[in-house]
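Visitor: Below is the structure I would like to discuss, written out as structure tokens.
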């Protein structure tokens with residue numbers, strides 16, 4: 001894998017659950033077999049549901065097309081359907 005991402009804020013977190021879990025995703029990183037030391041080309045993103053509710057903030061690093069955090073985590077974990085970079089949906 002030539003990219004990695006990290007969730008920096010979970011706007012729908014269940015704060016009774018530990019961080020880095022599916023219910024409180026702050027600190028969750030991916031993809032599963034990504035290089036955790038990769039820190040080139042950082043770009044912040046936000047993931048949303050189809051009603052426009054913000055679910056997650058994060059940062060992606062490396063070589064990416066843009067949908068990786070959504071495909072890897074946002075959609076399967078919480079049903080996110082959109083991702084923004086620099087305030088624009090891809």
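Visitor: Quick one: which of 42, 76, 69, 36 is under 11 Å from the mean Cα position of the chain (by Cα) and either surrounded by 14 or more Cβ atoms within 10 Å (Cβ to Cβ) or within 20 Å of residue 1 (Cβ to Cβ) (or both)?
Guide: 69
Visitor: Among the residues of region 72-83, are any part of a strand (DSSP E or B), in contact with a helix residue (DSSP H, G or I) (Cβ under 6 Å, 6 or more places away or on another chain) and in contact (Cβ under 8 Å) with a residue 24 or more places away in the chain?
Guide: Looking through region 72-83, at least one residue is part of a strand (DSSP E or B), in contact with a helix residue (DSSP H, G or I) (Cβ under 6 Å, 6 or more places away or on another chain) and in contact (Cβ under 8 Å) with a residue 24 or more places away in the chain.
Visitor: Right, another one. Being in a loop (DSSP other than H, G, I, E, B) and farther than 17 Å from residue 54 by Cβ is the filter here, so list the residues in region 1-14 that pass it.
Guide: Once the filter is applied, which keeps residues that are in a loop (DSSP other than H, G, I, E, B) and farther than 17 Å from residue 54 by Cβ, region 1-14 yields 1, 2.
Laboratory data are not the source of any read-out in this text; all were calculated from the coordinates shown. Being a predicted model, the structure only gives us computed values, none of them experimental. Cβ sites come from the backbone with ideal geometry, for glycine too, and all protein chains shown count toward neighbours.
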